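Engineer: If you scroll down you'll find the structure; I have some questions about it.
The values are calculated or read from the model by the stated rules, or taken from the named source; none is laboratory data. Keep in mind the model is a prediction, meaning the values are calculated, not measured. So basically every Cβ, Gly included, is an ideal-geometry build from the backbone, and we count neighbours across all protein chains shown.
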Amino acid sequence: MIKALLFFLSLQLFAFAKPVVLVSILPQHTFVQKIAQDKVDIHLMVKPGSSPHSYEPKPSQMVALSKADLYFSIGVEFENVWLDRFKAQNPTLPFIDISEGIQKIAIGAHHHEEEHHAHHGHEEKQSLDPHTWTSPKNVKIMAQNIYNALAKLDPTNQTFYKKNLDLFLAEIKATDAQIRTLLQELPAQSTFLVFHPSWGYFAAEYDLNQVAVEVDGKSPKPKDIMRIIQEAKEENARVIFAQPEFSDKSAQIIAKESGIKVLKISPLNGQWSKNLITMAQALAK
Ligand SMILES: [Zn+2]
């Protein structure tokens, strides 16, 4: 009798315990939630305001790892160091890279940047742009990868996940269409300035030219700033985008010297669709 009761209780516990899913950055949290909704517990590693380039997990997050059922990585920089440590912490935890299948491009693919890269003998891995989620085309691939992993982890809810995947794919398609409408008047290869080169996939997708102030992840030297000011004038740039995760000191100098505006926008914003549309609106102005 007691055995039967205990068995029943353990079944109940099992039924109520949601799978625990870990993600690296906030847009991933948004994507997983779109598909899983309330069926899984999602834990975020890089909290808003932190940079995924330099992030270091807290001890409490390392503990959370040992209770996780799935880790969705995305190829951001801190993962290069930490994923191996996460795997050591929880050897049976499956890791799914949601950027799998995405065609990666070089970071800050721009002639001046490349001179610098050659100079410092950059490694292959570091020169690929990790900010893949700024292009709707890439997020379609991510959505499919997330769905595949969730359906495998929790097959009972597969139909539910599939329905949500289809809704999310429709939202991605609508986002892309809205961006294209907003940008249709812009000439091809229009230049926009950014402090940190996080909009490379967005630029590639919509035929724009991203010019980054940051050089190899470091603040620019005075000669770099002079070069960007010159470029801003030549290319008729009207705005420079800064990111709340980084200092906007050099962006402010460039803006002042070239008579343009500084706009703050983060690719790590949780409202992924709205954020990309805001970027397009700023560019279209
Ligand atoms: Zn970045």
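Engineer: Using beta carbons and a limit of 6 Å, which pairs, at least six apart or on different chains, have the first residue in the stretch 44-64 and within 17 Å of His196 (Cα to Cα) and assigned by TED's automatic domain parsing to the domain that holds Thr30 and the second one within 14 Å of the ligand (Cβ to nearest atom) and assigned to a loop (DSSP other than H, G, I, E, B)?
Structural biologist: Short answer, once both residue conditions are applied: Ser51/Glu245; Pro52/Ile25; Pro52/Val46; Pro52/Val76; Tyr55/Val46.
Engineer: Then there's this: Name every residue in the stretch 19-60 that is within 12 Å of the chain's Cα centre (by Cα) and over 17 Å from Pro244 (Cβ atoms), in order of residue number.
Structural biologist: Selection gives Val23, Ser24, Gln28, His29, Thr30, Phe31.
Engineer: Residue under question is Gln144, and the condition is that it be outside any helix (DSSP H, G or I), among the polar types (S, T, N, Q) and at pLDDT 95 or above; does it hold? Spell out how you get there, then give the answer.
Structural biologist: Values: outside any helix (DSSP H, G or I): no; among the polar types (S, T, N, Q): yes; at pLDDT 95 or above: yes.
For Gln144, the condition - outside any helix (DSSP H, G or I), among the polar types (S, T, N, Q) and at pLDDT 95 or above - is not met.
Engineer: Quick check on this structure: which one of Pro244, Pro197 is within 22 Å of Val139 (Cβ to Cβ), surrounded by fewer than 18 Cβ atoms within 10 Å (Cβ to Cβ) and touching a strand residue (DSSP E or B) at 6+ places or on another chain (Cβ under 7 Å)? Before you say what the answer is, go through the steps one by one.
Structural biologist: On the way: Pro197 fails: surrounded by fewer than 18 Cβ atoms within 10 Å (Cβ to Cβ).
The match here is Pro244.
Engineer: Another question, then. Being touching a Phe, Trp or Tyr at 6+ places or on another chain (Cβ under 7 Å) and either over 10 Å from Ser24 (Cβ atoms) or among the acidic types (Asp, Glu) (or both) is the filter here; which residues of the stretch 58-82 pass it?
Structural biologist: Scanning the stretch 58-82 gives a single hit, Leu65.
Engineer: Quick one: in the stretch 161-189, of everything that is in contact with a helix residue (DSSP H, G or I) (Cβ under 8 Å, 6 or more places away or on another chain) and of a type in the set (Lys, Arg), which residue is surrounded by the most Cβ atoms within 10 Å (Cβ to Cβ)?
Structural biologist: Lys162
Engineer: What number of residues within the stretch 200-226 are surrounded by fewer than 17 Cβ atoms within 10 Å (Cβ to Cβ) and either within 17 Å of Lys249 (Cβ to Cβ) or touching a Cys at 6+ places or on another chain (Cβ under 7 Å) (or both)?
Structural biologist: Result for the stretch 200-226: 7.
Engineer: Go through Pro187, Pro220 for me and flag whichever is within 16 Å of the ligand (Cβ to nearest atom) and not assigned by TED's automatic domain parsing to the domain that holds Lys137. Full working, then the answer.
Structural biologist: Numbers: Pro187 fails: within 16 Å of the ligand (Cβ to nearest atom).
Just a single option satisfies the conditions, and that option is Pro220.
Engineer: Okay, next question. Out of everything in the stretch 75-104 that is under 21 Å from Val139 (Cβ atoms), out of contact with any strand residue (DSSP E or B) (no Cβ under 7 Å at 6 or more places or on another chain) and of a type in the set (A, V, I, L, M, F, W, C), what residue ends up being farthest from the ligand (Cβ to nearest atom)?
Structural biologist: At the first step, the residues of the stretch 75-104 found to be under 21 Å from Val139 (Cβ atoms) are 75-79, 95-104.
Adding the requirement that they be out of contact with any strand residue (DSSP E or B) (no Cβ under 7 Å at 6 or more places or on another chain) leaves 76-78, 99-103.
Next, only the ones that are of a type in the set (A, V, I, L, M, F, W, C) stay: 76, 78, 102.
Numbers: Val76: 7, Phe78: 10, Ile102: 16 Å.
The extreme case among them is Ile102.
Engineer: Inspect the stretch 126-140 for any residue being assigned to a loop (DSSP other than H, G, I, E, B), of a type in the set (D, E, K, R), over 25 Å from Val40 (Cα atoms) and not assigned by TED's automatic domain parsing to the domain that holds Ala251 and give the result as yes or no. Full working, then the answer.
Structural biologist: Step one: of the stretch 126-140, the residues assigned to a loop (DSSP other than H, G, I, E, B) are 129-131, 135.
Add one more test, that the residue is of a type in the set (D, E, K, R), and what stays is 129.
Right, trim to over 25 Å from Val40 (Cα atoms) and you get 129.
Among the residues that remain, those that are also not assigned by TED's automatic domain parsing to the domain that holds Ala251 are: 129.
Within the stretch 126-140, one or more residues are assigned to a loop (DSSP other than H, G, I, E, B), of a type in the set (D, E, K, R), over 25 Å from Val40 (Cα atoms) and not assigned by TED's automatic domain parsing to the domain that holds Ala251.
Engineer: Just checking, how many residues over the stretch 26-74 are more than 21 Å from Ala151 (Cα to Cα), within 16 Å of the ligand (Cβ to nearest atom) and either β-branched (Val, Ile, Thr) or in a helix (DSSP H, G or I) (or both)?
Structural biologist: Going through the stretch 26-74 one residue at a time, the tally reaches 2.
Engineer: Still on this model: On the given criteria, is Ala4 modelled with pLDDT under 90, under 30 Å from Trp272 (Cβ atoms) and either in the same structural domain as Ala170 (by TED's automatic domain parsing) or surrounded by fewer than 16 Cβ atoms within 10 Å (Cβ to Cβ) (or both)? Break it down stepwise before answering.
Structural biologist: Details: modelled with pLDDT under 90: yes; under 30 Å from Trp272 (Cβ atoms): no; either in the same structural domain as Ala170 (by TED's automatic domain parsing) or surrounded by fewer than 16 Cβ atoms within 10 Å (Cβ to Cβ) (or both): yes.
No; evaluated as a whole, the condition is false for this residue.
Engineer: From (1) more than 24 Å from Phe31 (Cα to Cα); (2) exposed (fewer than 14 other Cβ atoms within 10 Å of the Cβ), pick out the condition that doesn't hold for Lys264.
Structural biologist: It is condition (1) that Lys264 fails.
Engineer: Among (1) within 16 Å of the ligand (Cβ to nearest atom); (2) over 26 Å from Phe168 (Cβ atoms); (3) not in a helix (DSSP H, G or I), where does Ala251 come up short?
Structural biologist: In the conditions (1) within 16 Å of the ligand (Cβ to nearest atom); (2) over 26 Å from Phe168 (Cβ atoms); (3) not in a helix (DSSP H, G or I), Ala251 misses (3) alone.
Engineer: Would you call Ser219 polar (S, T, N, Q) and touching an Asp or Glu at 6+ places or on another chain (Cβ under 9 Å)?
Structural biologist: Taking the combined requirement at face value, the residue does not satisfy it.
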